[in-house]
Structure formats: C-alpha cells, structure tokens
Amino acid sequence: MDNADKSRERKTSEGIKEAIVLELNKGPKTVSELSANIKSNWITTEKFLNELLTEKKVIEIISASKSKVYGSSSDPAFFNLPLSENTREKTLSLLKTIQDTWKKETDVPLQKTVLQKLAVQFVEENNLQKEIPILRFHYGQTLALRSEESIETGIYPLESNQEKNLKNLVKEYKSYSAKEAKLKQYDKPSMIFYKAKEDALNNLHPQKELSKKKFFNLLANYPSELSESFKLFDRFIYCTINVLKLKKGKEDYLVRLKEAFSLVWDCLTTEAYLYDIERNIDPEKRELFLQIKSNCLNSRIMSVSNALEEIEGEVNNLELGEMNTSDNLSDFVHELFND
Amino acid sequence: MDDFIDTCVIISSLDAKDKYHDTVNIFLNGSENILISFYQEQEEIPNLFLRKQKLFTEAIKFYKNPLHPVDYSNLTDKEKILLKTLLTRIHLKQENEDSLNQMLEEVIDLKIKVIHFIQKRVCRKVVPTLEIKEELVNIIRKHNQNKADAKIIASAIQEHQKNKLIAFTLDKNDWKINSIKEKIQELNYNCPEVRFLR
C-alpha cells in the first residue's frame, strides 16, 4: 500500500469516526442505527466504535450484550438522554443565540450557570416552554442541554420584542456572578424547595444558630413527586434533626452532614431532572430513556444509602440523655399513634 | 419461651399518655427474650413514621399556603381524619408553624426512641421479609384487612415453628387469629398463643 492509499484510508477512517460522533451528538444509538445512518456496514461501524471507545470519545450507555447503546462524550444532553430532535435543535439554537447576543452587548465572559439562568428567564418570559423545556437540576432550573462549542447549531429566530427582551436580560445578567444568578432564580415561588435548601445548608455552620426550623421547612417543601429519593432525604433529615438536638458536640457532625447532604441533593435533583424531561423524550426511545433513568437513579440511590448508613449508625447510637428530646407526647401526637 | 411483640407494644412503652403504658412496661421489664420481625424493623416501622411525618408536612404546607392541595394518599383512615382535624385547627388559628414543627419533632423523637428500643431491648429479629409465606399472609388477610399486621402475624407463626413463642399485642381487632386457627393448621403451621396486654 503506497502513501497515497494509506492517507486515503486514514481519511476514510477518520471520516467514519467523525460521522459516528456527529450521529451520537444527536442522541444515543445502537450499532444498527448508527450503521444505517452513516451508511457503513455493521462490522465497520462496530470496529470504529470500539476505537472511539478506547479514545474515550464514545461511551457505552447500555452494556447489555445483545443491545448495546452508545453515546458521544460530547453529547450536550445531560446523561446522554434520547431527547426529541425538536427539543435538541430549539434548545441549542437558543443557547447559541444568547451567547452571540451576549458577545455583542458586553465584554464580560459568560459563565455557564449565568447562561442557563438567563436562558430560563428568557424562555419563561416569552412562553417558549412548550418547545424549549425548563427542568430542575442540581443548581436550580436549566434548559435540557448544555452549550457545547464543538456542536454546530443554527440561530434561534427571534421576533423583535424577543430580541429587545434578550438584550435587557443580558444587561441585567452581566453584573451577576454565577451564585447571584442562581440565588435570583431561587427567589421565584416555584423554587421554594431550592431556596429552603440554601437556607438550611447555610445554617449547618458552627458560627450559626443551628436551627432545626430550617430543616423542618426543607422537609415541608419536599416535592412529593420525587418519590424515589424521598426515603434518603428523610434519613438525612432524621440524622440532622437528631444531631441538632445534641446538648453538646453537634459541631463535630456538621462537615459529615454537609457531605451526606450533597450526595442526597445530587440524587434527588437527578430524579427531578429525569422527572421533568420525560415528556420531551423521543417517543420511539422511551424504553431506552427508562433504562438510562433506572441506571442513573439506582446507582445513586445505592451509593447515597451506603454513605448515609455510617452517620445514621452513629446517630442511632447516641444516648438519649445526650439529646434534648421531649419526654411526653402532646395530646395530638399521642392520639396519632394510639391505634 | 420467647416474647414476640407487636409494634404497638413498643410505642405504648414509650408514650406515657398511653393507658396501657404502665402495664406494658411491667411486662417488658419482666421479659428477657424479646423478638420482633425483620419486617417490622425494615418496613412497617419506617413506613409508620413516614406517614406520621407526612401528616405534619402536609399540615405545614397548608399553614403556609391555604390553597395547597393536601395530599392524603397513603394515609390510613384515622390519619386522614386527624389531618383534617389539624387543618381545621390551623384554619381556626389554633396552630402555627412553631406548634406544627414541635409536633413533627415529637414524631422524630419517638422514632429515635423506637430505634433505641430495638437496639437495646430486642434480642432477636426473626424471619427475613422475603421469607414470609404468602399463603399464610393471604389466609390472615381474609380475616384481617391490614396487610402489615398480616405479615407480622405470619412472621410470628413461622418463627413459632422453630422456636416456641408467645405473641404480645394491644391490638384486639387485627390479632384475633382463633377463628382462622384451623385454616392455618391445615397449612401445617401451629399457632402461637396471642396475649393481649390490655
């Protein structure tokens, strides 16, 4: 094989690999789907997929031997979810349009969190939620995809009033840090649980009054639809309230409680994201979505549960005399337990 | 002979207002081998406390927003009635956030006391939940609609086949197994004696 042939072959190989990544950037696929879309046979597609796996450009999302599903490491969809094409296009193009407008209006660098918070407000103010979904995630509401410069996308067509609105939002958000943009969003009535979390977590500090009330408020605002994470959340609240009841030494537990809470929060906000996104999943890929959802949640629930076990064990071994517990039940609570 | 106890016995021993509190504690103080089932520890007791907590979290949500659509799902009939009572008291301004938080805290206090009781007083937990015989639960449920109680009774019966025990409860409604004793024996199980601490 002469150099020209080798170069042609390399180009072809690179071409096929590029085509695979481009396809997977649009959502997860099986080898058969990839092979049909890039018009290469099954064996060639699988061969290059394996190379891409080694290069870590592709990941195996479902590893069942008969139905492996692959995703791109640069897919802008969180958890490589199979979102509908319309949701992908509209969301990515809006993010791109916001970035372009930002660059025209200000020299301030645009942080990812600020971009998402601004995008959420823009979508809400212009009632675009039907085509551009807003979802709860770790740091509040976000759009369904992250902005990835490597992904080519078009411009979202703005009407003149939307253009004006976007410029005003840029003017407002350019002065916000990521934290400020996040807290601004938490002030919305629909974000009361996130606001309660911020208050409660800030309270877990040795210099603060360590009030139990903030954790009762957090518990009272738990979104009831997030049923899979609730038991973990409840276990965390149980540990925290009992630690805060300690007559002395509660400070020794604060760091570990915070660590446990960050794991619980990761789990329940992952559930929130997956709950909110469900209606925007490509209907033909619903089964795949359910598999990804189950994998994401089960692994998290398992690891959070293990992490909680340790601190829970310690709390359960505290002597009642070390804690400020009520000796007598009120009439109402007595009645409640008196079956 | 071991003493298998129903969950209401533990609750009564920790609630000084319960009218059987003293009797129950006299019994427990004289008992050396207290048993409960894994099902009680792993499912019934956690679910019991989750329901009670839910009652207060729903009440707090209603206190903060009277338009909050109160969620009664998973609550027992009695809990639903008590939640309605609590909502009425909130409406009449007889309860506020602090008093509701206080009652929620009492529930959490009671939970840690129950956990302590199990750790310190229960000598053995019996019958892994997955090993509870469905055929036994089904027979008990024909007589007693409460599935949780049916599983606890089934656990006591199964354990009784290996180690003789007496089952103790305060629940006169759901623990009367005399009328189904024959059916249980037809499945080749001997019934333990059930004693009511009231």
* Structure fact -> Counting only residues in the stretch B:3-57 that are surrounded by fewer than 17 Cβ atoms within 10 Å (Cβ to Cβ), of a type in the set (Asp, Glu) and over 27 Å from A:PHE233 (Cα atoms), the one farthest from the other protein chains (Cβ to nearest Cβ) is identified as B:GLU32
* Structure fact -> With the first residue restricted to the stretch A:152-165 and required to be under 15 Å from A:GLU131 (Cβ atoms), and the second required to be surrounded by fewer than 11 Cβ atoms within 10 Å (Cβ to Cβ), Cβ contacts under 8 Å at 6 or more apart or on different chains are none
* Structure fact -> Being among the acidic types (Asp, Glu), surrounded by fewer than 16 Cβ atoms within 10 Å (Cβ to Cβ) and away from chain B (no Cβ under 14 Å) narrows A:GLU287, A:GLU309 down to just A:GLU287
* Of residues in the stretch A:244-260 being buried (at least 17 other Cβ atoms within 10 Å of the Cβ) and either modelled with pLDDT of 95 or more or within 14 Å of A:VAL304 (Cβ to Cβ) (or both), the one farthest from the other protein chains (Cβ to nearest Cβ) -> A:ALA260
* Structure fact -> Of the conditions (1) among the hydrophobic types (A, V, I, L, M, F, W, C); (2) more than 14 Å from every other protein chain (Cβ to nearest Cβ); (3) under 26 Å from B:GLN53 (Cα atoms); (4) crowded, with 21+ Cβ neighbours inside 10 Å, the single one that A:LEU263 does not satisfy is (4)
* To do: Kindly check whether there is at least one residue in the stretch A:210-222 that is outside any helix (DSSP H, G or I), among the aliphatic types (A, V, I, L, M) and out of contact with any strand residue (DSSP E or B) (no Cβ under 9 Å at 6 or more places or on another chain).
  => yes
* Asked: Limited to the stretch B:26-70, what total is found for residues that are under 20 Å from B:SER13 (Cα atoms), among the charged types (D, E, K, R) and part of a helix (DSSP H, G or I)?
  -> 3
* Within the stretch B:100-139, how many residues turn out to be exposed (fewer than 15 other Cβ atoms within 10 Å of the Cβ) and free of Cβ contacts under 8 Å to residues at least 60 places away in the same chain? -> 7
* Given (1) surrounded by fewer than 19 Cβ atoms within 10 Å (Cβ to Cβ); (2) within 27 Å of B:LYS54 (Cβ to Cβ), where does A:ALA272 come up short, assuming only one miss? -> (1)
* Asked: Can you name the residue in the stretch A:224-243 that is assigned to a helix (DSSP H, G or I) and of a type in the set (Asp, Glu) and is also farthest from the other protein chains (Cβ to nearest Cβ) among such residues?
  -> A:GLU228
* Structure fact -> Here the qualifying pairs (Cβ atoms under 9 Å; residues six or more apart or on different chains; first in the stretch A:112-135 and hydroxyl-bearing (Ser, Thr, Tyr); second part of a loop (DSSP other than H, G, I, E, B)) come out as A:THR113/A:TYR139; A:THR113/A:SER177
* Scope the stretch A:204-216; condition more than 8 Å from chain B (Cβ to nearest Cβ) and crowded, with 20+ Cβ neighbours inside 10 Å; matching residues -> A:LEU204, A:LYS214, A:PHE215
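The values are calculated or read from the model by the stated rules, or taken from the named source; none is laboratory data. What you see is a predicted model, and the numbers here were worked out from it, not measured in a lab. Every residue, glycine as well, gets a Cβ built from its backbone with ideal geometry; the counts of neighbours run over all protein chains shown.
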